[in-house]
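Readers should treat all values here as calculations from the given coordinates under stated rules, not as data from a laboratory. This is a predicted model, so every value here is computed, not measured. Cβ sites come from the backbone with ideal geometry, for glycine too, and all protein chains shown count toward neighbours.
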Amino acid sequence: MLNKLSFKAQITWLATGLILLTIVVLTANYFIKTAHYIEQQVQKQMQVAGNVLQQTILQQEQVLSTSASVLAADFGFKQAVATRDQGTIESALLNHGKRINADLIMLTDLDGESVAISTNGRELPEDLTPYVGQLPLRAGYAQILSIENNVYQVIVVPVKAPRIIAYAYIGFMFDKRALEQLKEVSSVDVTLVSDGVIVESSFAASSADMLLANNASTSPFELLLSDDEFFHQREPFANSNEVVAILSAPLNEIHRDFNQLIYATFLGALVVLLIAVGLSGWLSRSITMPLKSLLRLTKEITDGNLQVPEPRQALPREFKALYSGFSTMGHAIENRESKIKYQAERDLLTGLFNRPKFLEELDCYLKENLYVALVNVNVKGFKGLNDTIGVANGDKLLVEIAARLSVFCDKGDVEQPIITSRTSGDDFLLAIPIKNLDHLSVLCSLLRAELERPFWLEEINLLLSFYYGIANSQEDGKDAEKLVRRVTMAASMAVTEQVVMRHYKQGEDEAYLLKLRLIEELKQALEARESPLFLNYQPKLNLQTGEVDKLEALIRWVNKEGEFVNPEMFVGLAEKSGLIVTLTQWVIRRVIMQVAQWNEQGYHFNVSINLSAQDIQATGFVGYLLDTVGEFSVSAKQIILELTERDIADNEALIISRLSHLKSLGFEVSVDDYGIGQSSLAKLKTLPVDELKIDKCFILNLDKCAEDQDIVSSTVELGHKLGLRVVAEGVETEQSLALLKSYKCDYAQGYYLSRPLKPEQLIQWYSDYEKTS
Ligand code: C2E
Ligand code: CA
Ligand code: CA
């Protein structure tokens, strides 16, 4: 719950809560204290009232006692009593009573027989003796007497003459007026109750009835909380067993005062609370405001706005320190970020853009619809140069080239900046916003003039040559990736074609992409279980014996589209993409399996396998070959390995040593496509080979071309002199075959005999051939 509240709300709630708690505790405490005080006041009032009541009774007793003594001592009265002079007694009693305002005055003889009664005009029962009889006769002390719902304070005195001859009674009645007088003095209502019945009260009659219904023993403290109008307390009334006084202190005023006090307190508390809420709001704001500004700051930093602004308001010291900490952090991040950005976008050697950044920038230009020319600059023979002058010097040259490109950018008359980058080793890419192709050629001349000046490397003068590939956004595409691919292609074409400047030509890219697709497909074909690759076998005829005892294995591929792919083409692709080693292993295994199968069937052919320069140089090649012939129990002698002159020249020393090794293991080696390469016959002498295959270009028209006839016949002769077997491939006519026979050529291969065939077809063909020959 707390987590859901904002920090500000938490502070406000906390402060308000604390203040509220303080107010409640203080108010409760005040309330209790006040209640106690009031309780004490009420108790005191009751005590005073009680005292007043007792005092009044005492005073009246005094008056009664004095008056009774006077009456008892009156000589005339005594005489009247002694003589039982009724008239005198009555008038004496009456006079006496009137003097002190007594409510009851009476005389009884010793038998308790009442002699005379005066009641101050009040109605009294005829015979009071039964009531009077209740009195303990204690002369000089007043007694409480309850007569027919009236309470009297009565005193008895014996009338002596000189012995006791009668008793005189004098009493006051506690009527409403008397109680009201008491109330006036004590401010407390007085009610007299006898045997649970209200006898007299200073209350109006209805209020007095309610009084009996109430529990008179409730504490004043409880009464404060209730809405009772009075607090009642029982008091003994003189020494009466029967009659008690109930003192009732009024509570309205106290209630009113108390309520006013409580209201005032609550009002005060409310005011304090409001102030507290306001203050705590202000406090929390003044705490959260700096936090908010820090929060804003972190958000800015998160959004990448690392330039931290000055705080908008004055902040407390701790926050100021924190703020400046953030600010420092922002700067640090910014520095690091710009460093990272630089490293991510730049070529660290030259400081030029790298390839991804170049593409990004180029993309912007293309999106702006600028006419952009791309120039790919490549240093001629840089690899060799690097080997000669050392990598450090090579790097210096690259840095110098980058510097010259920058000079060119400054000099070039262009409307938008030229984008320069180093995309790989010695490859530089420029994106030049041009007006038209003439403008481009002017800029190209400027570029060449800048780059093709001599370079100085520690006082050595170096003249570098460059290849330039060129493409432009109007003819060659508006896609950055594509444009870069095309200009790179143009540059590599320039290298292959040995021209300085080469523009991209329409369609080259598509052919390139097709090649890429084919390479991918070939890779899958080599891995597939049901391979779309297969082998054809073309027979070689032994011209001396007329037997077909050798074959050449030639690979075939029907691609996904069901098209037959030219083997020369995909073999070339495999060579360029590094797939050739796998492909050759595939061929070797298939051929050896086939030879093993034929051997089993009783057909014993020696089969040629075509190799590439990479195959023979690959480590593990000889091992693979040996393992495979071993696995299928095929003799090494049945396998002939064909290599072209060019393949041998690739890494002559290594290849010659490998070939010698292979020969020593029993494999035969054949020089394929002989005659079109540069190697001389003298070279052949040093090669560890068994066979010479004259290239088909000399054979195809042998029957018609005298020149070819000379070349072929002399080649056969020389080959024989070097101890080699000579094979002619591309024999298409009977006449050519006859000529070759006449030259003593050893073997003939060509369409005249048979096209390359699938294994089953070849066996069929072979059987037919055997039959006819
Ligand atoms: P190659 O090694 O010179 O193979 C001989 C080529 O001449 C074969 O073409 C064959 O079909 C063709 N040929 C044979 N007799 C005649 C004829 O009388 N007239 C004409 N016009 N052509 C004839 P193919 O099969 O198209 O192979 C082309 C090239 O592909 C091969 O030239 C070889 O360099 C390469 N190649 C084929 N199979 C393999 C292989 O398994 N491995 C490697 N590395 N290269 C292979
Ligand atoms: Ca061949
Ligand atoms: Ca050939």
Likely footprinting exposure, K339, K515, K744, fewest C-beta neighbours within 10 Å first
K339, K744, K515
Cut-off under 5 Å, modelled amide H: who pairs with G750 long-range:
G730, V731
Using the crude model of +1 on Lys and Arg Cβ and -1 on Asp and Glu Cβ, and no other charge, please compute the dipole size for the chain relative to its Cα centre, in debye to 20.
1540 debye
Quick check on my link table: of K523/K663; K523/K560; K683/K741; K292/K341, which ones sit more than 21 Å apart, alpha carbon to alpha carbon?
K523/K663; K683/K741; K292/K341
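Could you tell me which chymotrypsin sites (Phe, Trp or Tyr not before Pro) in the range 332-397 are loop residues by DSSP with no more than 15 other beta carbons within 10 angstrom of their beta carbon?
none
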Relative contact order of the range 614-773 (C-alpha contacts under 8 Å, at least 6 apart) in percent is 15 percent
Counting Lys and Arg as +1 and Asp and Glu as -1 over every other residue whose Cβ sits under 11 Å from the Cβ of R312, the net charge comes to +1
Subtract the Cα-Cα distance of S635 and Y37 from 0.36 nm times their separation in residues, and report this length gain in nm to one decimal.
202.4 nm
All aspartates and glutamates inside 14 Å of K183 as judged from Cα atoms, apart from same-chain residues fewer than 8 positions distant:
D175, E200
Non-local amide H neighbours of D347 (under 5 Å, H modeled in plane, Pro and chain starts lacking H): which ones?
L352, F353, N354, R422
How large is ³J(HN,Hα) for each residue in the range 260-274, as worked out from phi by the Karplus curve 6.51 cos²θ - 1.76 cosθ + 1.60 (θ = phi - 60°), to whole Hz, x for Gly and Pro?
4, 4, 5, 4, 4, 4, 4, 4, x, 4, 4, 4, 4, 4, 4
With a sphere of radius 14 Å drawn around the Cβ of V716, what net charge do the other residues whose Cβ falls strictly inside it have (Lys, Arg +1; Asp, Glu -1)?
-2
Taking amide H atoms as placed 1.01 Å from N in the peptide plane, list the residues 5 or more away in sequence, or in a different chain, whose amide H sits under 5 Å from that of K380.
S465, F466, Y467
Tell me the label-point distance for the pair N259, Y141, using the 7 Å Cα-to-Cβ offset, in nm and rounded to one decimal.
4.8 nm
Spelling out what I want: for every residue of the range 167-177, take phi, set θ = phi - 60°, compute 6.51 cos²θ - 1.76 cosθ + 1.60 (Karplus), and round to whole Hz; glycine and proline get x.
10, 9, 10, 10, x, 9, 9, 8, 9, 3, 5
For the range 387-399, take each phi angle, set θ = phi - 60°, evaluate the Karplus expression 6.51 cos²θ - 1.76 cosθ + 1.60, and give the result in whole Hz per residue in order, putting x for glycine and proline.
5, 6, 8, x, 5, 4, 5, x, 4, 4, 4, 4, 5
Which net charge results for the neighbourhood of Q47, defined as the other residues with beta-carbon distances under 13 angstrom from its beta-carbon, given Lys and Arg at +1 and Asp and Glu at -1?
-1
